[in-house]
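Note sheet for the following structure.
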Amino acid sequence: QVQLVESGGGVVQAGGSLRLSCAASASGSGPNRMGWFRQAPGKQRELVASITSGGISNYADSVKGRFTISRDNAKNMVSLQMNSLKPEDTAVYYCWAWDRANYWGQGTQVTVSS
């Protein structure tokens, strides 16, 4: 079992920055993969960024060059630095972990005003 606790999020103007963090409580060496998904109203949940325990990251095309995912394996934490935010980034952001099953955080709202 993996429990994910998110922090960060909020309201920011377009062009601003926010940082999301997520702490995983897990036994052993921690989840193999961690990352962030987001879901905007009326849309499907989509992958934003993911990172393996070895540090290999993957980004959605829409956030490349603006978002950076990082991971602290010792603390089982993953963070998402979001810069140059756009109104279309507005969504509920969910922390995700894969450890023989998918695990999800409770979600945190990010709102970008124009």
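Observations
- When the convex hull of its Cα atoms is projected in every direction, mean area for the chain (nm²): 6.6 nm²
- Accessible area expressed per residue, the chain, with surrounding protein chains retained (probe 1.4 Å, Å²): 53 Å²
- Using only alpha-carbon positions in segment 69-114, the gyration tensor eigenvalues give semi-axes of 24, 14, 7 Å once each is multiplied by 5 and square-rooted (largest first).
- Under the criterion of Cα pairs below 8 Å and six or more residues apart, the relative contact order for the chain equals 37 percent.
- Computed over protein heavy atoms with a 1.4 angstrom probe, the accessible surface ordering of Val5, Val11, Val78, Val92, largest first, is Val11, Val5, Val92, Val78.
- Accessible-area value, Lys86, 1.4 Å probe, nucleic acids and ligands omitted, Å²: 80 Å²
The values are calculated or read from the model by the stated rules, or taken from the named source; none is laboratory data. A quick note: this is a predicted structure, and the numbers were derived from the prediction, not measured. For accessibility, only protein heavy atoms count, side chains too; no ligands or nucleic acids. Shrake-Rupley method; radii C 1.70, N 1.55, O 1.52, S 1.80 Å.
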